[in-house]
Amino acid sequence: MNCRKLFLPIALSTALTLSLHAQAKLAIYGTVGGEKTEVANEGWTTAGTFGLYYGLFKAGPIRISVDARGDLSDNINSGLFGPRVALQLPLFPLKPYVEVLGGFSSYSSTNNGAKDTTSANYRLVGGVDTTILPHLDWRIADYSYSPAGISQQGVTRHPQSLTTGLVIRF
């Protein structure tokens, strides 16, 4: 058997497989759930999150990415960006992650008013994904909390959200 004839197909399939794996760095996601903004003295309201993350680096089971997301609810809208660190173990189906995201939030400065105030904000985010199909993950839970909070009528509010949804990985 001629080794040269075997080398070319194996080399091409290996290169193709590696390049396809390397391209699977981008993911988009959408979630729905609840958010407790405390704005307008409301409790939990319907909320959603949409965004994308892009993988930058991996070292063993650790994946480092950047995440950009929009958080939308009745009382507050936020645009946030920052680092994401995920853990992906080969034999364990759950992929936990944490993020520290900064950006801006738009909300009402008065109870039951229109969104008339925009301020800098940051959120701590944690969650768990699991793969349900080769390029589709279920975001089992995504929890975010704003430690610095937002100011409404001289009171600092600390928005938090809990959502679930889908992640499509490319």
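When R169, R123 are checked against the criterion of being more than 18 Å from G48 (Cα to Cα), in contact (Cβ under 8 Å) with a residue 40 or more places away in the chain and surrounded by 14 or more Cβ atoms within 10 Å (Cβ to Cβ), a single residue qualifies: R169. The residue list T130, T45, T49, T31 contains one member that is within 24 Å of V155 (Cβ to Cβ), assigned to a strand (DSSP E or B) and open to solvent by less than 30 Å² (accessible area, probe 1.4 Å), which is T45. For the subset of segment 57-76 comprising residues that are buried (at least 17 other Cβ atoms within 10 Å of the Cβ) and among the basic types (K, R), which member is farthest from the chain's Cα centre (by Cα)? So the residue we want is R63. Here is a check on your reading of the model: is Y143 more than 13 Å from Y29 (Cβ to Cβ) and in contact with a Pro (Cβ under 9 Å, 6 or more places away or on another chain)? So Y143 fails the test.
Does segment 150-166 hold any residues that are open to solvent by less than 10 Å² (accessible area, probe 1.4 Å) and within 28 Å of A27 (Cα to Cα), and which are they? Talk me through it step by step, then tell me what you get.
Within segment 150-166, the first condition is being open to solvent by less than 10 Å² (accessible area, probe 1.4 Å), and the residues that meet it are 150, 152, 159, 161, 163.
Within segment 150-166, P159, S161, T163 qualify.
Within segment 93-106, not a single residue is over 19 Å from the mean Cα position of the chain (by Cα), outside any strand (DSSP E or B), of a type in the set (G, A, S) and modelled with pLDDT under 95. Within segment 151-162, residues that are of a type in the set (A, V, I, L, M) sit with their Cβ atoms under 6 Å from residues that are open to solvent by 40 Å² or more (accessible area, probe 1.4 Å), at 6+ positions apart or across chains, in these pairs: L162/Y143. Here Y54 meets each of (1) over 20 Å from the mean Cα position of the chain (by Cα); (2) modelled with pLDDT of 95 or more with one exception, condition (1).
Looking across segment 107-118 at every residue that is open to solvent by 30 Å² or more (accessible area, probe 1.4 Å) and assigned to a strand (DSSP E or B), the one that is modelled with the highest pLDDT is identified as T118.
The values are calculated or read from the model by the stated rules, or taken from the named source; none is laboratory data. As the structure is a computational prediction, the values presented were derived from the model and not from experiment. We place every Cβ from the backbone using ideal geometry, glycine too, and count neighbours over all the protein chains shown. Accessible surface areas use protein heavy atoms only, side chains included; no ligands, DNA or RNA. Shrake-Rupley method; radii C 1.70, N 1.55, O 1.52, S 1.80 Å.
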